[in-house]
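Only one structure is covered here, and it is reproduced in the block below.
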Amino acid sequence: MKCPFCNYENIAGSDDCEECGEDLTAFDGVRPTTRLEKSLVKDDLRKLPSSAPALVTPDTPLREVANHLGPGNRCVLVMDGEKLVGIVTERDLLFKVMNSGPSWESRPVSQILTPDPETLEYDDKIAYALHKMSLGGFRHIPILAGGRPERVVSVRDVLEYLAEMFPDAVGIHE
């Protein structure tokens, strides 16, 4: 069986991919049939309209982090030198900070970040990204190149891709 995540050809009946370690049991006998399904399983993350991330250090004040967030940038990556140590989203600011009093602006981002976020690489498939987001309950995943974050893919990016590629499948008629 060919792994839908990395395209490695595994022995038929394998439970896990020998190359990437992903669980293959959900794909036993399941083959994508529609153009939409095939696209999600075959297209890699280069196809998505992802954005360049805003980068901050762990001691960056939350006010500065908040200034990086907006319609075009819904998360900030926290770097300690060359190492990705966390991620902060708009939701983190809303739910972890808003009721904490007037001194929130000067608190360091390290106090609210989500540590050690899941990451992807450009060669990973769109279906794999959606799978990770669904299992983890998050909406943003950094894309690494050479171990360093270059882009961030979001659920919004996947929806934009689907709306553009398959307008009929998502109910958009031109």
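Every read-out reported here was derived from the displayed coordinates using simple, explicitly stated rules and does not represent laboratory data. These numbers were taken from a predicted model, which means no experiment stands behind them. So basically every Cβ, Gly included, is an ideal-geometry build from the backbone, and we count neighbours across all protein chains shown.
Using the 2.2 N^0.38 Å rule of thumb for compact globular proteins, work out how segment 1-93 stacks up: its C-alpha Rg over that value, please.
Values: Rg = 19.0 Å, N = 93, 2.2 N^0.38 = 12.3 Å.
Working it through for segment 1-93, the quotient is 1.55.
Mind checking the full-extension length gain between T57 and R31? Use 0.36 nm per residue of separation minus the Cα-Cα distance, one decimal, nm. It would help to have the intermediate numbers written out before the result.
Values: separation 26, 0.36 × 26 = 9.36 nm, distance 4.40 nm.
Taking 0.36 nm per residue and subtracting the Cα distance, the gain is 5.0 nm.
Restrict the search to segment 1-64; then list the chymotrypsin sites (Phe, Trp or Tyr not before Pro) that DSSP places in a loop and that have at most 16 other Cβ atoms within 10 Å of their Cβ. Don't skip to the answer; put the middle values down first.
On the way: sites: F5, Y8, F27; in loops: F5, Y8.
Of the chymotrypsin sites (Phe, Trp or Tyr not before Pro), the ones in loops of segment 1-64 whose Cβ has at most 16 other Cβ atoms within 10 Å are Y8.
If each of K2 and M98 carries a label point 7 Å out from its Cα toward its Cβ, how far apart are those two points in nm?
Here the answer is 4.7 nm between the modelled labels.
Enumerate the calculated ³J(HN,Hα) couplings along segment 152-157 in order (Karplus 6.51 cos²θ - 1.76 cosθ + 1.60, θ = phi - 60°), each rounded to whole Hz, writing x wherever the residue is Gly or Pro.
10, 9, 10, 4, 4, 4
Can you tell me the equivalent ellipsoid semi-axes for segment 46-165? Use √(5λ) from the Cα gyration tensor, largest first, whole Å. Let's see the in-between values first.
Details: eigenvalues 129, 48, 29 Å².
Listed largest to smallest, the semi-axes of segment 46-165 are 25, 16, 12 Å.
Hey, in the GNM for the chain with a 10 angstrom Cα cutoff, which one of A52, A127, A163 fluctuates hardest?
Evaluated over the chain, the most mobile residue of the options is A163.
What is the sum of charges, Lys and Arg at +1 and Asp and Glu at -1, for the other residues whose Cβ falls under 10 Å from the Cβ of W104?
With Lys, Arg at +1 and Asp, Glu at -1, the net is +2.
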